[in-house]
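Written out below as structure tokens is the structure these notes cover.
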Amino acid sequence: MRLSSWRLLLFSVLTLIMSIILPTLYKTNPLLLSTLRNKFITTTTTTTTTTVTTTNNLFFRQTHKMTTVHHPSHPSIPITLPDSLTKDQLLNFHPFTSWLSTLTTSLTSQSTTLSHPFSPNPYTLRSVKIQSFDLFGPRVGFLKLVADVKNDKNETLPGAVFLRGPSVAMLVMLIPDDGKDEEERYVLLTVQPRVAAGSLEFVELPAGMVDEDGEFVGTAAREIEEELGIRIEERELRNLSEMALGEEGRGQGLGRGVYPSPGACDEFIPIFMHERRVPRDTLKEWEGKLTGLREYGEKISLRLVKMGDLWRVGGRDGKTLAAVALWEGLRREGRV
């Protein structure tokens, strides 16, 4: 065997040995591992990239800087932030403050309500760890965190949370002005890419995120104009969610809307309704019309659906099904 072959064999054996002993060595002496790792990097070739990268990632995770802060309204709860997120950015993100306030209110109810199922062994929020975030310009847009909620028996509640804040959805119904049948109603839906769902043609009720001002009615009116091309005054919108819920659950601090995924996300969606008469020719013009704000990546086309078929056509969209249920329930009571 030539000398180069012996060297290659020896190098392969050494690489195998290092991949076995490095994890054990790290547990007993991280500083020694760091020294050996640096020497290993300078003396090996690209064939060891996978092993070195794995070691580097492990070492980086262990030394990544984190900062612990406290919310002014909840000073007893430590909040851990990644070093790239500031305390001011977190506190200015309204969905976080709202979530924290709502959760602590719910936890307090364990003690104040004797019939509460958790009253014998109440849970408490021990800490919050911010794992990742997305910025919309200088402000936080989305936030992923883990909340440590447990009781004295060390029993925990699922605490993985994605915060994005509330949205609004709009049920816009159009009635042909020459129609003889009062039940002839058409609903405007949007068809657009939804990468999270893996779809480029997702059919849904028009919706939009609520800005920092928290104005649900104003946001609904703006979204209708941007996505549907219809200008509607705020006074012409009716909040179906508010009408249906009434006084139900006001003391809990929960949002006045439907929660599509409460197991993992804070988003709640009030559903607004608008109804108007239009020329029949206008219905034909709106079918397939392209809308949306291109500068925000919105590529939307419109679809007209008979109200009686809405539950089927929009069956994948939680907003649509909620709107159908609210509208039909309120109509049975003669309120819409």
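The values are calculated or read from the model by the stated rules, or taken from the named source; none is laboratory data. What you see is a predicted model; the values in this text were computed from it and never measured. Backbone-built Cβ (ideal geometry, glycine too); neighbour counts: all protein chains shown. Areas reflect the complete protein model, heavy atoms only, side chains present, ligands, DNA and RNA absent. Shrake-Rupley method; radii C 1.70, N 1.55, O 1.52, S 1.80 Å.
If you take the square roots of the eigenvalues of the alpha-carbon gyration tensor of region 182-282 and sort them as a ≥ b ≥ c, do you get rounded (a/c under 1.5), prolate (a/b over b/c) or oblate?
On the way: a/c = 1.80, a/b = 1.24, b/c = 1.45.
Oblate, because a/c is 1.5 or more while a/b does not exceed b/c.
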For this session: Measure up 87/319; 180/319; 65/144; 180/289 against 22 Å on the Cα-Cα distance and list the ones that go over.
Result: 87/319; 180/319; 180/289
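What accessible area per residue comes out for region 199-336, rounded to a whole number of Å², with a 1.4 Å probe?
Numbers: 7790 Å² over 138 residues.
Roughly 56 Å² per residue, with all protein chains present.
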For this session: Among 228, 313, 300, flag the residue with its Cα farthest along the positive direction of the charge dipole of region 188-336, charges on Cβ as +1 for Lys/Arg and -1 for Asp/Glu.
Result: 313
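Classify region 52-199 as rounded, prolate or oblate, taking a ≥ b ≥ c as the square roots of the eigenvalues of its Cα gyration tensor: rounded when a/c is under 1.5, otherwise prolate if a/b is larger than b/c and oblate if not. Provide the component values of the computation, followed by the final result.
Details: a/c = 2.52, a/b = 1.49, b/c = 1.69.
Taking the square roots of the gyration eigenvalues as a ≥ b ≥ c, region 52-199 is oblate.
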